[in-house]
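**Q** Shown below is the structure under consideration.
The values are calculated or read from the model by the stated rules, or taken from the named source; none is laboratory data. Predicted model only: the values in this text are computed from it and were never measured. Quick reminder, even Gly has a Cβ in these numbers, built from the backbone with ideal geometry, and neighbours come from all protein chains shown. The accessibility values were calculated without ligands, DNA or RNA, using every heavy atom of the protein model including side chains. Shrake-Rupley method; radii C 1.70, N 1.55, O 1.52, S 1.80 Å.
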Amino acid sequence: MPDQFFLSVVVPVWNEAAGIQNTLEALAPLRRAGHEILVVDAGSDDGTAALARPLCDRVVDADKGRAAQMNAGVAVARGNLLLFLHADTRLPSDALQRLQAFMASGNAWGRFDVRLSGQRPLFRVIAWFMNTRSRLTGICTGDQAMFVRRDVFEALGGFQPLPLMEDVEFSRRLCLVSRPVCVRSPVITDSRRWEKLGPWRTIFLMWRLRWRYWRGESPESLAQAYNSDVRNG
């Protein structure tokens, strides 16, 4: 693998046995091209780690929480480009070419557009607003498969140990370095969360939590509010 481009994909998981094999099989072309896939497990009790092990380069154990998991993955990663991928999200078919172009550009970080897997027309509208908001603000969420040069990640100290909004917080610091590269080829993220709670309820929940975060409320209290709402959904 040429020194100028070695990709490490970090996949934080917790009890993802139902879909982890499909997720990792979709990433197999990246492994065949010489890049690495790291699965970071936060104590799953459904066999996720055992299912993942044959299909990735390494399974890493970490404390629960995406921030801690993603930092743990980076700690053992060998790549000079880091990509953080949710277990229910699929990269576009041209992801490798897009990332190669990014590395050649000299930019610091970026993310993909997102599309929800469900077929309801409302999901297309939701995705449009998510992508447009991100372009205007420079803020990236985990569903958009954030990628960042390793030296930039390390210079900023990685993700803060927050129970929620770790992606938003990190995006804010990355924006001090540069605006993100916004790749228009979309990742496809599972719409199950939206379908479980209902699209409108999910929209209001996420915007309400983000508004409270911008007003300075602690991520710990926001995580409690989020978990309470999801459990009661």
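**Q** Would you please classify the overall shape of the stretch 34-192 from the alpha carbon gyration tensor, given that a ≥ b ≥ c denote the square roots of the eigenvalues, rounded means a/c under 1.5, and beyond that prolate means a/b larger than b/c while oblate covers the rest?
**A** Rounded, since a/c falls under 1.5.
**Q** So, one more: Under 8 Å for C-alpha pairs, at least 6 residues apart: give me the relative contact order for the stretch 1-124, rounded to a whole percent.
**A** 31
**Q** With all protein chains present, how much of the accessible area of the stretch 1-150 (probe radius 1.4 Å) comes from carbon and sulfur, to the nearest whole percent?
**A** 51
**Q** Sorted by average packing, counted as other Cβ atoms within 10 angstrom per residue and highest first, what order do 7-14, 129-136 take?
**A** Ranking the peptides 7-14, 129-136 by packing returns 7-14, 129-136.
**Q** Mind checking the per residue accessible area of the stretch 1-156 for me, 1.4 Å probe, whole number of Å²? Write out the running numbers ahead of the final one.
**A** Numbers: 6750 Å² over 156 residues.
Per residue, the stretch 1-156 has 43 Å² of solvent-accessible surface.
**Q** Once Rh for the stretch 145-185 is found with the Kirkwood sum over Cα pairs, what is the Stokes-Einstein diffusion coefficient at 4 °C and 1.567 mPa s, in µm²/s? Don't jump to the answer; show the numbers that get you there.
**A** Numbers: Rh = 11.0 Å.
Approximately 118 µm²/s, per Stokes-Einstein.
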